[in-house]
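The next block holds one structure in the form of structure tokens; read it before the comments.
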């Protein structure tokens, strides 16, 4: 391990030991720490290669921010907050890196609100133990420029009073309107309020994870739409969309990439190859047959009924309307069967 990384690990371990000593005799804090599929906590020492390199950049910035706030910077030195995009295809360990960073930061500060994780959809948020951007940041679904309600303002003021890091997953699906509203709402409530004129309310670390081969936001402008926009012209507009455009440009100035494939197990080989083929539009006839084999039509009517009636079957819907219709129908059928 390079000397710089070893120093960083030593400092973090030292800080954790000091925190543990200070916590003795104090009320236990119930930390919400993500766990892997085997029920184990994520640990910094388990990161490898480019995962570890990116984690070191993030934690180094955090240490500099702590030193800055403790008055350890010289008058000539200025703290630069980290605004960074982390790219990586499926299987390169984005979720593992996110969960590890969350674990380290929450343990360092003994505060669940020290870091928040968000994603544009519920499914994406669930995958990284986070919440949707709209829910977390009080963004109106129909009007991103709508101001925070009093209740949302109060909730966020408490939630972001001690936040040092924000993590957004699935950047490709985030619209300019949503990103702009996110920055505005965070700036209005972070660090005890009064930091509206600071980027993201003065929060030192804001990260965006992505695989831009995935779906773009629907019906509105996203990250790719900023390619033809100069930073100068982006500042001429007003509102959430203009702010979001500026934010996308700002984040694009600082990129790191996860390239090492972490899915090495034989059982994951087909899944990895299928995802890679989907990304580049090169799906083979064999892969298409494998996916088609999973379709319900290959089962007999009796087998289909058994699957549909099984309490362990999971049904996935694009939005809430068909979900509610499905649940209502199942409830009605259950009542009819009970009274038959």
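Would you be able to say whether some residue in region 188-198 is in contact with a strand residue (DSSP E or B) (Cβ under 8 Å, 6 or more places away or on another chain) and either within 17 Å of residue 118 (Cα to Cα) or assigned to a loop (DSSP other than H, G, I, E, B) (or both)? Within region 188-198, not a single residue is in contact with a strand residue (DSSP E or B) (Cβ under 8 Å, 6 or more places away or on another chain) and either within 17 Å of residue 118 (Cα to Cα) or assigned to a loop (DSSP other than H, G, I, E, B) (or both). Considering the conditions (1) over 20 Å from the mean Cα position of the chain (by Cα); (2) at pLDDT below 85; (3) exposed (fewer than 15 other Cβ atoms within 10 Å of the Cβ), residue 259 is excluded by exactly one of them, (1). In the same structural domain as residue 249 (by TED's automatic domain parsing), within 24 Å of residue 249 (Cα to Cα), in a strand (DSSP E or B) and in contact (Cβ under 8 Å) with a residue 60 or more places away in the chain - does that describe any residue in region 60-83? Within region 60-83 (the criterion being in the same structural domain as residue 249 (by TED's automatic domain parsing), within 24 Å of residue 249 (Cα to Cα), in a strand (DSSP E or B) and in contact (Cβ under 8 Å) with a residue 60 or more places away in the chain), the answer is yes, since at least one residue qualifies.
From the list 251, 270, exactly one residue is assigned to a helix (DSSP H, G or I) and not assigned by TED's automatic domain parsing to the domain that holds residue 205. Which is it?
On the way: 251 fails: not assigned by TED's automatic domain parsing to the domain that holds residue 205.
Answer to the selection: 270.
As for region 35-51, it holds at least one residue that is under 20 Å from residue 252 (Cα atoms), at pLDDT below 95 and assigned to a helix (DSSP H, G or I).
Is region 103-116 home to any residue that is more than 15 Å from residue 129 (Cα to Cα), under 12 Å from the mean Cα position of the chain (by Cα) and outside any loop (DSSP other than H, G, I, E, B)? No.
Taking the conditions exactly as written (loosely packed, with under 15 Cβ neighbours inside 10 Å, modelled with pLDDT of 90 or more and touching a helix residue (DSSP H, G or I) at 6+ places or on another chain (Cβ under 9 Å)), does residue 135 satisfy them or not? In short, yes. Just one of the listed residues (313, 282, 278) is at negative phi, out of contact with any strand residue (DSSP E or B) (no Cβ under 6 Å at 6 or more places or on another chain), at pLDDT below 80 and not assigned by TED's automatic domain parsing to the domain that holds residue 201, namely 278.
Would you mind stating whether residue 124 is touching a helix residue (DSSP H, G or I) at 6+ places or on another chain (Cβ under 8 Å), outside any helix (DSSP H, G or I) and in the same structural domain as residue 50 (by TED's automatic domain parsing)?
The answer is no for residue 124.
Just to be sure I understand, how many residues within region 134-156 are closer than 20 Å to residue 174 by Cβ and either more than 23 Å from the chain's Cα centre (by Cα) or without any contact (Cβ under 8 Å) to a residue 60 or more places away in the chain (or both)?
Total meeting the criteria: 14.
Would you confirm whether any residue within region 325-332 is within 19 Å of residue 122 (Cβ to Cβ) and not in a helix (DSSP H, G or I)? No, region 325-332 contains no residue that is within 19 Å of residue 122 (Cβ to Cβ) and not in a helix (DSSP H, G or I).
The values are calculated or read from the model by the stated rules, or taken from the named source; none is laboratory data. Just so it is clear, the model here is predicted, and its values are computed rather than measured. Using ideal geometry, Cβ is built from the backbone for each residue, glycine included, and neighbour counts are taken over all protein chains shown.
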